[in-house]
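Following: one structure in structure tokens, then a few remarks.
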Ligand code: PAF
């Protein structure tokens, strides 16, 4: 098993469109960091707070040694060279929560080794988005990973990933212009750029992505298929708090009131799903969910869409599924205060 040295937190202060610029000096580890050898669980009294919905592992699990982190491609290569057997990659931007842990657990069940990347990718943020504010706490992330166990962590700085502005770019194609792409036109190109790079570096047998970012998942699958990338992409269902809120790193931006207001997103999706189960056609489903969101206090809708889960094209107004059941994706994006949240639910349209 590889051990990885925690080397400090990357908190860039510079313009996200700039590449390879300086980073702040390295930070000392926090008292509850993963910067020590642990055996599956952190020592008593030092456990990181588990995300809502998470319970501590019932058994110590395998030896976890999250004392070192690969910060460079060379360190990553060294770490990977020591692994035997199959490997699964979980890519994250840090600020880990129960949704990420579900990805790691799924990866753990499927492969001998789990590699987690932690990198806030500047390329996938628009100029007015939250790149600077995005929560960064590597020590807390490592501590949380220590509760589930991983073999390698790759947490590069921006200058390592983008020593210069990339010249060759991934074109994500037309699906990237729909839904999320309407509000975030450069987002998926940036996502695929970094996913392609990290898949190339880690060369895992499989990689796990959350269903919460359904459009991202579909685009990653398309890239992997179109570019003949030798990796199996696996989807993991959305993790929700008990009240239905989809887990997201951006939930940490919400005030107590906003968090309650944010429940309208998942509630609207459930109402839409119920409407479909009662036989309403596509337009009826959309209307039910839209009406609910229109009346939800504190919520400013970006989009609500009922789409084909493969093409992300809107399903026509009267389209049911006669005679069979048709699978559709009801997707929503909305601002709650200044925070933009997304959520989605698979629904069955009945003819
Ligand atoms: O889903 C995310 O957190 C990011 O888009 C990803 C896949 C880690 C790429 O930066």
* Restricting attention to the stretch 173-185, does a residue exist that is crowded, with 18+ Cβ neighbours inside 10 Å, within 27 Å of residue 137 (Cβ to Cβ) and touching a helix residue (DSSP H, G or I) at 6+ places or on another chain (Cβ under 7 Å)? -> yes
* Out of all the residues in the stretch 179-209, which are within 14 Å of the ligand (Cβ to nearest atom) and within 13 Å of residue 232 (Cβ to Cβ)? -> 199, 204, 207, 208, 209
* Is one or more of the residues making up the stretch 122-145 in a helix (DSSP H, G or I), away from the ligand (no atom under 16 Å from the Cβ) and buried (at least 24 other Cβ atoms within 10 Å of the Cβ)? -> yes
* Mind checking which residues of the stretch 96-121 are within 16 Å of the ligand (Cβ to nearest atom) and either surrounded by fewer than 20 Cβ atoms within 10 Å (Cβ to Cβ) or assigned to a helix (DSSP H, G or I) (or both)? -> 98, 99, 100, 101, 102, 103, 104, 106, 107
* Which is in contact with a strand residue (DSSP E or B) (Cβ under 7 Å, 6 or more places away or on another chain), over 29 Å from residue 260 (Cα atoms) and more than 12 Å from the ligand (Cβ to nearest atom), of 234, 169? -> 234
* Asked: Could you say whether any residue in the stretch 164-175 is on the phi < 0 side of the Ramachandran plot, touching a residue at least 24 places away in the same chain (Cβ under 8 Å) and in a helix (DSSP H, G or I)?
  -> yes
* Structure fact -> Filtering the stretch 220-231 down to residues that are more than 21 Å from residue 73 (Cα to Cα) and either outside any helix (DSSP H, G or I) or near the ligand (Cβ under 10 Å from one of its atoms) (or both) yields 220, 227, 228
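No lab work stands behind these numbers, since they all come straight from the coordinates. Please read all numbers here as calculations on a predicted model, not as lab measurements. With ideal geometry, Cβ positions are generated from the backbone for all residues, glycine too; neighbour counts draw on all protein chains shown.
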